[in-house]
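Reading through the structure tokens given below for one structure.
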Amino acid sequence: MRGVTTSPPPRDVDVVLPCLDEAEALPWVLERIPPGWRALVVDNGSTDDSARIARAFGATVVHEPRRGFGAACHAGLTAATADVVCFCDCDASLDPSLLVPFVREVRDGHADLVLGRRRPRGRGAWPAHARAGNLALARMLRRRTGLRLHDLGPLRAARREPLLALGLTDRRSGYPLQMVVRAADAGWRVTEHDVPYLPRTGASKVTGTWRGTWHAVRDMRRVLAEPPAGIPAGGRGVR
């Protein structure tokens, strides 16, 4: 179901969609990109028709041969040119049209980074082991940064230049967490809002198994162990 808006979506927005063999889900996702926004589908080594389908639906395809969720996300961020950049999974578990109020919140100066707190809808939307791992990481994040977040989900929005200034280095599963940690270290205003989380299309590459979840948690624990970085407080200074 599309997000409900009462006015046209803001312009000059790029949506980064990390993609690995998501041919089945891509049409659903790309049909829900708000009008006037650009979809950047980052092909992370797909062996199906993901790239062809993405182009057919009007998306810009970025190729990132280095495997890893963070590698794909960062390739999309560096390829983006819009003032505001959003991130969304490409597996039809999250509706990118829900990003419209996130972008408005950033544009209006009420937040520097807006995250979606996933609320599962439907059986199998969020496996118990993945949810438990996410909860544990959120608690560790709170101890590390003081941010009272409940989720480290992939649906998010921020301004491009301050994001680049964070100097993100993780290219695996720790990338989303490193973004939040470094944003907190830089004094960014970080908010989260509930979003429906649907059963994904196809098999998860990260949290679909206990092994995948363990690797993701390990990557994120490594990020939390990093000392605070000296990052300019660009989130607040750029409007």
Inset, instruction - Pairs only if they're at least six apart or on different chains, beta carbon under 6 angstrom, first in the stretch 145-164 and more than 14 Å from E192 (Cβ to Cβ), second in a loop (DSSP other than H, G, I, E, B); list them, first residue then second. - result: R159/V238; R160/A80; E161/V238; P162/V238
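When you check L149 against the structure, is it assigned to a loop (DSSP other than H, G, I, E, B) and either touching a helix residue (DSSP H, G or I) at 6+ places or on another chain (Cβ under 9 Å) or modelled with pLDDT of 95 or more (or both), yes or no? Please lay out each step first, then the result.
Values: assigned to a loop (DSSP other than H, G, I, E, B): yes; either touching a helix residue (DSSP H, G or I) at 6+ places or on another chain (Cβ under 9 Å) or modelled with pLDDT of 95 or more (or both): yes.
Against the criterion (assigned to a loop (DSSP other than H, G, I, E, B) and either touching a helix residue (DSSP H, G or I) at 6+ places or on another chain (Cβ under 9 Å) or modelled with pLDDT of 95 or more (or both)), L149 qualifies.
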Legend entry - Complete set of residues in the stretch 179-199 that are open to solvent by less than 30 Å² (accessible area, probe 1.4 Å), part of a strand (DSSP E or B) and more than 14 Å from A157 (Cα to Cα): Y197
Inset, instruction - Would you please name the residue that is farthest from E192 (Cα to Cα), looking only at residues in the stretch 127-139 that are open to solvent by 40 Å² or more (accessible area, probe 1.4 Å) and hydrophobic (A, V, I, L, M, F, W, C)? - result: A128
Legend entry - Out of R211, R221, R131, R171, sole residue that is modelled with pLDDT of 75 or more, farther than 22 Å from V106 by Cα and in a helix (DSSP H, G or I): R131
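To keep it simple, each residue is scored yes or no on (1) touching a Pro at 6+ places or on another chain (Cβ under 6 Å); (2) more than 24 Å from R107 (Cβ to Cβ); (3) open to solvent by 20 Å² or more (accessible area, probe 1.4 Å).
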| position | (1), (2), (3) |
| --- | --- |
| R38 | no, no, yes |
| I53 | no, yes, yes |
| R66 | no, yes, yes |
| H74 | no, no, yes |
| L77 | no, no, no |
Legend entry - Members of the stretch 189-208 found to be at pLDDT 95 or above and small (G, A, S), listed by number: none
Legend entry - Residue under evaluation S46, criteria (1) under 20 Å from the mean Cα position of the chain (by Cα); (2) surrounded by fewer than 15 Cβ atoms within 10 Å (Cβ to Cβ); (3) hydroxyl-bearing (S, T, Y), criterion not met: (2)
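Scan the stretch 94-126 residue by residue and report those that are free of Cβ contacts under 8 Å to residues at least 60 places away in the same chain and open to solvent by 10 Å² or more (accessible area, probe 1.4 Å). Walk me through it before giving the result.
Residues of the stretch 94-126 free of Cβ contacts under 8 Å to residues at least 60 places away in the same chain: 106, 108.
Hit for the stretch 94-126 is D108, nothing else.
Can you tell which of P176, P162, P154 is surrounded by 20 or more Cβ atoms within 10 Å (Cβ to Cβ) and in a loop (DSSP other than H, G, I, E, B)?
Numbers: P176 fails: in a loop (DSSP other than H, G, I, E, B); P162 fails: in a loop (DSSP other than H, G, I, E, B).
Result of the check over P176, P162, P154: P154.
The values are calculated or read from the model by the stated rules, or taken from the named source; none is laboratory data. These numbers come from a predicted model, not from an experiment. Cβ coordinates were reconstructed from backbone atoms using ideal geometry, including for glycine residues, and neighbour counts include every protein chain displayed. SASA here: full protein model, heavy atoms, side chains in, ligands and nucleic acids out. Shrake-Rupley method; radii C 1.70, N 1.55, O 1.52, S 1.80 Å.
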